[in-house]
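Report on the following structure.
Nothing in this text is a laboratory measurement; each read-out follows from the coordinates by a stated rule. In this text the structure is predicted, and so the values were computed from the model without any measurement. Cβ placement follows ideal geometry from the backbone for every residue including glycine, while neighbour counts extend to all protein chains displayed.
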Amino acid sequence: MKVTVNGEVKEIPAGTTLLQLIEELGIGEKVMAAAVNMEIVKKERWPEHPLQEGDRIELLHFVGGG
């Protein structure tokens, strides 16, 4: 199925959870917040939050600087 992650279309297996997607992308340590279809998903719900065809996922991380 196709989902959009930070503006980029990705093909993922049906039944993939938000946590599985984040781990597949190799960015688990960096992601601080996630939203699916403009709805924030709390980190403790990532392992159980199933993704659906056409979902728009935004994965956010904080960048330090000055």
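Of the DSSP beta bridges with both residues in the chain, give the percent that are antiparallel, rounding to the nearest 5. Write down the numbers at each step before the final one.
Numbers: 12 of 14 bridges.
Here the share of antiparallel DSSP bridges comes out near 85 percent.
Please work out how many pairs of lysine residues in the chain are eight or more positions apart (or on different chains) and have Cα atoms closer than 21 angstrom.
So the count works out to 4.
Within region 12-41, which residues have the backbone N less than 17 Å from the label spot 7 Å out from residue 56 along Cα→beta-carbon, could you tell me?
34-41, by backbone N distance to the label point.
Per residue of the chain, what 222 nm ellipticity follows from adding -39500 (n - 2.57) for every DSSP H run with n ≥ 4, rounded to the nearest 500? Could the numbers behind the result be given before it?
Working: 1 runs with 8 residues, N = 66.
Estimated from H runs of four or more residues: -3000 deg cm²/dmol.
Do you know the relative contact order of the chain, to the nearest whole percent, from alpha carbon pairs under 8 angstrom that are 6+ apart? List each step's numbers first, then the result.
On the way: 104 pairs, mean separation 29.1, N = 66.
RCO, the chain: 44 percent.
Equivalent-ellipsoid semi-axes (√(5λ), Cα gyration tensor) for the chain, whole Å, largest first?
19, 13, 11
Quick one: net charge around residue 60, please, counting Lys, Arg +1 and Asp, Glu -1 for every other residue with C-beta under 13 Å from its C-beta.
On the way: positive: 30, 43; negative: 58.
Once all neighbours under 13 Å are counted, the net charge is +1.
Express in nm, to one decimal, how much length is gained between residue 8 and residue 48 on full extension, taking 0.36 nm for each residue of separation and deducting their alpha carbon distance.
Values: separation 40, 0.36 × 40 = 14.40 nm, distance 2.29 nm.
Full extension of this stretch gives 12.1 nm more.
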